[in-house]
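Okay, structure first, notes after.
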Amino acid sequence: MLAVGLTGGIGAGKSTVADMLVDRGAVLVDADRIAREVVEPGAPAYRALVDRFGPGVVGPDASLDRAALAGLVFGDPEALADLNAITHPAIGAAMLERKARFDGSDAVVVLDIPLLRDEHRSMLSLDVVVVVDAPTATALDRLTGVRGMPAADAAARMAAQPDRSARLAVADIVIDNSGDLAHLTGEVDRAWRALEALRRVRRDP
């Protein structure tokens, strides 16, 4: 197995690249999807979140009201730290479990992690980190033009994430998504060839 960490700032096109890698044969473990699963009723983080933030974060159907929770933690560093302390271990454990299903296989397992930091490399035993990169202005244009996000909201979300240079500092492979789809396809093909070469080296050292 080749374990690949995939990250990129909001608006960079990381989800598109993840789908393209799956089309080429990769297996995807999506941190965002797992983050939603671990807060479902009965899941590991649900009760701890309700105990910490109160019944106001529970919707009429007993599921977590993610918008209400976001409203409580946005702009409150202490509340955000508590949220992360509850959810991050559960997310990490679930990602490790799903990655472990492919131990001993020849799979390229892509772990899609929006806020990948250097410590994730050792925590998740990543073999390589791929960063999807786009200029800040390009990412902002995508958020406001394609997604229809208000400019102030888009700028605030981008500012809350690690800056571009910090993301690039952890990269082994960079996928440039500053151009059109044809350009991105070429970049993903290049990255996939590099990943396949690494997989062959691990399989036949």
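Every number in this text was worked out from the coordinates using simple rules, so none of it is lab data. As the structure is a computational prediction, the values presented were derived from the model and not from experiment. Note that each Cβ is placed from the backbone with ideal geometry, even for glycine, and that neighbours are counted across all protein chains shown.
Annotations for the structure displayed:
- Applying both filters, DSSP loop and at most 14 other Cβ atoms within 10 Å, to the chymotrypsin sites (Phe, Trp or Tyr not before Pro) of segment 42-125 gives F74.
- Relative contact order (%) - segment 43-106, alpha-carbon pairs under 8 angstrom, separation at least six: 28
- Label-point separation in nm, D23 to E37, each point 7 Å along Cα→Cβ: 2.5
- Highest mean packing comes first when the peptides 14-21, 181-188 are listed by Cβ atoms within 10 Å, giving 14-21, 181-188.
- Annotation: amide H-H contacts under 5 Å for G5 (H modelled 1.01 Å from N, sequence separation of 5 or more, or interchain): L111, D127, V128, V129, V130.
- Taking 7 Å steps out from each Cα toward its Cβ at D103 and L168 produces label points 3.8 nm apart.
- Helical content of the chain, expressed as a calculated mean residue ellipticity at 222 nm, amounts to -16500 deg cm²/dmol (DSSP H runs of 4 or more residues, -39,500 (n - 2.57) each, divided by residue number, nearest 500).
- Distance-filtered residues of segment 70-89 - backbone nitrogen under 16 Å, label point 7 angstrom along R47 Cα→Cβ: 86-87
- Pairwise centroid distance, computed over Cα atoms, of segment 70-84 with segment 7-68, Å: 16
- Estimated translational D of the chain in µm²/s (Stokes, Kirkwood radius over Cα pairs; 10 °C; 1.306 mPa s): 87
- GNM result for the chain, Cα springs below 10 Å: residue of L195, L69, L96 fluctuating most strongly: L69
- Loop trypsin sites (Lys or Arg not before Pro), segment 96-129, which have at most 14 other Cβ atoms in a 10 Å radius of their Cβ (DSSP): R101, R117
- Note on D65/V201: beta-carbon distance plugged into 1/(1 + (r/R0)^6) with R0 of 45 Å gives a FRET efficiency of 0.45.
- Across the chain, the mean sequence separation of Cα contacts (distance under 8 Å, 6 or more residues apart), normalised by length, yields a relative contact order of 36 percent.
- GNM flexibility winner over the chain from P60, P89, P150 (Cα, springs under 10 Å): P60
- Most fluctuating residue given options A139, A107, A68, as computed from a GNM of the chain linking Cα atoms under 10 Å: A68
- Of all DSSP beta bridges in the chain, antiparallel share, percent nearest 5: 5
- Averaging Cα coordinates gives a centre for segment 119-147 and one for segment 149-183; these two points are 5 Å apart.
- Hydrodynamic radius (Kirkwood) for segment 43-106, which is based on Cα pairs only, to one decimal in Å: 13.2
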